[in-house]
Amino acid sequence: RMMELGVGHIRIGVSTMLCKYVLLPCLKEFVARYPHVKFTIHNQPTLQTLELLEKQQIDLGLTAEPAHKKNLIFDKVMDIEDGFVATPAYLTNMRLREGAAQSDVFRNGTILMLEKGNVSRTYIEDQLRGRHIEPAHLLEVSTMDLLVDFARIGLGAGCVIKNFVQAELENGTFTE
């Protein structure tokens with residue numbers, strides 16, 4: 001009833017990238033329609049958001065769907081696709097440094113990934129293991145934004161959500 005009147009408080013847990021690319025566009029329209037609703041946004045990784053949901057300290061979480069749902073209900077908002085991206089210059093420099101015969105980015109390059117324990121990281125590790133791929137050199141960071149930024153400056157090949165770097169893939173800033 002309070003929402004019908006446009007009054008209330010909604011507590012949301014969300015990671016930085018999902019907040020930027022999914023939640024913000026939705027909130028813009030919602031706030032215009034219900035200007036008196038108060039929001040609390042908890043910006044953190046998926047696992048912390050799931051913990052807050054279990055403890056009923058937030059009303060909803062915008063997360064990747066984990067393998068173990070812990071009696072939580074998930075509604076799909078969108079499909080996401082993970083992928084590795086790098087600048088063309090990074091790939092060229094790696095080939096020059098390692099030689100054309102050693103141009104395998106997983107063996108000779110720097111792979112930029114989220115920290116261990118992250119839901120996306122766990123999924124990617126499972127996929128790599130299933131393909132018998134073990135990156136030789138990892139650089140781990142805490143946020144997807146940093147992965148994108150580090151890949152953009154040519155530090156390595158970043159494991160990112162492709163949906164959120166589509167413009168860079170289309171304009172040639174990144175190569176998959």
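Within region 27-116, list the GluC sites (Glu not before Pro) lying in a DSSP loop whose Cβ has at most 13 other Cβ atoms in a 10 Å radius.
Those that pass, being in a loop and sparsely packed, are 81, 115.
Specify whether the C-alpha gyration tensor of region 6-94 places it in the rounded, prolate or oblate class, a ≥ b ≥ c being the square roots of the eigenvalues: rounded for a/c under 1.5, otherwise prolate if a/b is larger than b/c and oblate if not.
Values: a/c = 2.69, a/b = 1.59, b/c = 1.70.
Cα axes put region 6-94 in the oblate bin.
Quick one: angle between helix 119-130 and the longest Cα principal axis of the chain, in degrees between 0 and 90, rounded to 10, please.
40
Would you pull out the residues with amide H under 5 Å of residue 39's amide H, same chain only if 5 or more places away, H placed 1.01 Å from N?
Those qualifying (amide H under 5 Å, at least 5 residues apart or on another chain) are 10.
Which value, in Å² and to the nearest 10, is the accessible area of residue 120 when all protein chains are kept and the probe is 1.4 Å?
20
Once label points are set 7 Å from the Cα along Cα→Cβ at both residue 39 and residue 104, what is their separation, rounded to one decimal in nm?
4.6
Which percent of the accessible heavy-atom area of the chain goes to carbon and sulfur, probe 1.4 angstrom?
Solvent-exposed carbon and sulfur of the chain make up 53 percent of the total.
Between residue 71 and residue 137, 0.36 nm times their residue separation minus their Cα-Cα distance comes to what? Intermediate results must be reported in sequence, preceding the final value.
On the way: separation 66, 0.36 × 66 = 23.76 nm, distance 3.71 nm.
In short, 20.0 nm is gained.
Which of rounded, prolate, oblate describes region 94-163, given a ≥ b ≥ c as roots of the alpha-carbon gyration tensor eigenvalues and a/c under 1.5 marking rounded, otherwise prolate only if a/b is larger than b/c? Kindly include the intermediate steps, with their values, before the conclusion.
Working: a/c = 2.29, a/b = 1.30, b/c = 1.77.
Cα axes put region 94-163 in the oblate bin.
For region 10-49, taking Cα atoms only, what is the radius of gyration to one decimal and the Dmax to the nearest whole Å?
10.6, 31
Report the percentage of all Cα-Cα pairs in the chain whose separation exceeds 20 Å, rounded to a whole percent. Don't skip to the answer; put the middle values down first.
Values: 9102 of 15400 pairs.
It works out to 59 percent of all Cα pairs.
Taking the Cα centre as origin and putting +1 on Lys and Arg beta-carbons and -1 on Asp and Glu beta-carbons, what dipole magnitude results for the chain, to the nearest 20 debye?
It works out to roughly 340 debye.
Go ahead and run the numbers for FRET between residue 95 and residue 170, Cβ-Cβ distance against an R0 of 22 Å, rounding to 0.05.
It comes to 0.40.
Would you mind getting the accessible area per residue of the chain, heavy atoms of the protein chains only, 1.4 Å probe, in Å²?
Numbers: 10890 Å² over 176 residues.
Result: 62 Å² of accessible area for each residue.
For the ranges 73-80, 151-158, what's the packing order if you count other beta-carbon atoms within 10 Å of each residue, average per peptide, and put the highest first?
So the peptides 73-80, 151-158, ranked by packing, come out 151-158, 73-80.
Hey, what do the phi angles of region 15-31 turn into as Karplus ³J(HN,Hα) couplings, whole Hz, using 6.51/-1.76/1.60 and θ = phi - 60°, x for Gly and Pro?
For region 15-31, the Karplus-derived couplings read 6, 4, 5, 5, 5, 5, 9, 10, 5, 4, x, 5, 5, 4, 5, 5, 5 Hz, x marking Gly and Pro.
For region 55-94, what does the alpha-carbon gyration tensor say about shape, rounded, prolate or oblate, given a ≥ b ≥ c as the root eigenvalues, a/c under 1.5 as rounded, and a/b over b/c as prolate?
The shape class here is prolate.
Could you give the length gained by full extension between residue 123 and residue 60, i.e. 0.36 nm per residue of separation minus their alpha carbon distance, to one decimal place?
In short, 20.4 nm is gained.
State the answer as a single residue: which of 45, 146, 117 lies farthest towards the positive end of the charge dipole of the chain, with beta carbon charges of +1 for Lys and Arg and -1 for Asp and Glu, about the Cα centre.
Farthest towards the positive end: 45.
The values are calculated or read from the model by the stated rules, or taken from the named source; none is laboratory data. All values reported here derive from a predicted model rather than from experimental measurement. Using ideal geometry, Cβ is built from the backbone for each residue, glycine included, and neighbour counts are taken over all protein chains shown. Please note that ligands, DNA and RNA were not included when accessible areas were found on the heavy atoms of the full protein model with its side chains. Shrake-Rupley method; radii C 1.70, N 1.55, O 1.52, S 1.80 Å.
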